[in-house]
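Shown next, in structure tokens, is the structure this report addresses.
The values are calculated or read from the model by the stated rules, or taken from the named source; none is laboratory data. Not measured: the values here are computed from a predicted model. Here Cβ is always computed from backbone atoms with ideal geometry, including for glycine, and neighbour counts include all displayed protein chains. Please note that ligands, DNA and RNA were not included when accessible areas were found on the heavy atoms of the full protein model with its side chains. Shrake-Rupley method; radii C 1.70, N 1.55, O 1.52, S 1.80 Å.
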Amino acid sequence: MPPTARPAPAASAAGAAGPPDSAARLPAPPRRRRRGGFLTPPWWFAAPALLVYALIVLYPSASGILYAFTDWNGIGDRSFVGADNFDRLLRDDAARGSLVNTLLLTVAIVVVQNGIGLLLALGVHTRIRSRAVLRVVFFAPAVVSPVMVAFLWKYVYNPAPDAGLNGILGAVGLGSLRQDWLGDPSLALWSVAGMVIWQFSGYSMVIFLAGLEGVPAELHEAAMIDGAGRFQRFRSVTWPLLAPAVTINVMLSTIGGLKLFDQVYAATSGGPGHASETLSTVLYKQAFVFGNYGYSTAIALVLALFVAAVSLIQIRYLRGREVA
């Protein structure tokens, strides 16, 4: 007789169909958390650079705070004078005038430089064939030394009637507009602002251009379908999405304007008189011309705190605009 077929065991059938839902699953092994802190290997590699930075930057900065309360002249002994240096700063007409000049320069640089940078970015963010060349040309001045730019513009601002900007004005029939651009107290400050704006407008352009590259084309297409014109698309689509780029540009241009030194000192040395003096040039002269290192350190401390305060206020406002 042939052997009788036996039915498969229930357990085997269940095993073939898959594990039962009630089967207990083994818990996954817990992940080990890596211990952070300054003893981890990444900090070992950064330690030499951090040590050099601490010795060259942090230590002199911290010790400078102490010198702001002394009458040190840079050579001999120093004595503690309390807040006399800061009281002198409040009563110093040259320092107050330089603060006003610094604020005027900063406002002009922030507004005009970023405005021109945005227009340049919109201009080269098109399908024109020369856009790559134009981007390089507009950005090139930003990589030149500020001192070299100042000497270049000293030639452009040459007061001679047939040289530089005055020569160009005479050639196009606008000889009546010739000026002593760096020698006139009413024009010197704005002439310095012009050279700074010329140098760094291309830098602002690059940042705005990066923001424009991140604007989705679908949003513009949807706005065009809805009948929005160019200005409406810019106001409703492009400008809100440029908020991060605006934050970066405004912050950088503000800090650069508040601590501006190279172009001013190379072009005018703060003159004529004190017409183009800034806090940075006053600081430099008090330290290296008059030997008042304690007083100059007090000016530097006030300038650093002022820049930090303005930057914090700006970033809180501008970051809030990004979220909104």
Of the residues in the range 100-117, those that are of a type outside the set (Val, Ile, Thr), under 20 Å from residue 187 (Cβ atoms) and over 14 Å from the mean Cα position of the chain (by Cα) number 5
Just need a number here: residues in the range 197-233 that are assigned to a helix (DSSP H, G or I), among the hydrophobic types (A, V, I, L, M, F, W, C), without any contact (Cβ under 8 Å) to a residue 24 or more places away in the chain and crowded, with 16+ Cβ neighbours inside 10 Å. 1
Residue tally, condition among the aliphatic types (A, V, I, L, M), open to solvent by 70 Å² or more (accessible area, probe 1.4 Å) and touching a residue at least 60 places away in the same chain (Cβ under 8 Å), over the range 42-74: 1
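Restricting to the range 82-98, give me the number of residues that are touching a Ser or Thr at 6+ places or on another chain (Cβ under 6 Å) and either open to solvent by 50 Å² or more (accessible area, probe 1.4 Å) or not small (Gly, Ala, Ser) (or both). I'd like the intermediate steps shown before the answer.
Applying the first criterion (touching a Ser or Thr at 6+ places or on another chain (Cβ under 6 Å)) to the range 82-98 yields 98.
Subset that is either open to solvent by 50 Å² or more (accessible area, probe 1.4 Å) or not small (Gly, Ala, Ser) (or both): none.
Residues that pass the stated criteria total 0.
Got at least one residue in the range 248-263 being of a type in the set (S, T, N, Q) and farther than 23 Å from residue 99 by Cα? Steps first, answer last, please.
So in the range 248-263, the residues of a type in the set (S, T, N, Q) come out as 249, 253-254, 263.
The next check asks that each one be farther than 23 Å from residue 99 by Cα; those that pass are none.
Among the residues of the range 248-263, not one is of a type in the set (S, T, N, Q) and farther than 23 Å from residue 99 by Cα, which makes the answer no.
One line per residue, one yes/no per condition, for (1) of a type in the set (Val, Ile, Thr); (2) buried (at least 20 other Cβ atoms within 10 Å of the Cβ):
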site: 255; (1), (2): yes, no
site: 258; (1), (2): no, yes
site: 267; (1), (2): no, yes
site: 271; (1), (2): no, no
site: 276; (1), (2): no, yes
site: 281; (1), (2): yes, yes
site: 289; (1), (2): yes, no
site: 294; (1), (2): no, yes
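So which of 74, 37 is in contact with a Gly (Cβ under 7 Å, 6 or more places away or on another chain), in a loop (DSSP other than H, G, I, E, B) and modelled with pLDDT under 85?
On the way: 37 fails: in contact with a Gly (Cβ under 7 Å, 6 or more places away or on another chain).
Being in contact with a Gly (Cβ under 7 Å, 6 or more places away or on another chain), in a loop (DSSP other than H, G, I, E, B) and modelled with pLDDT under 85 holds for just one of 74, 37, which is 74.
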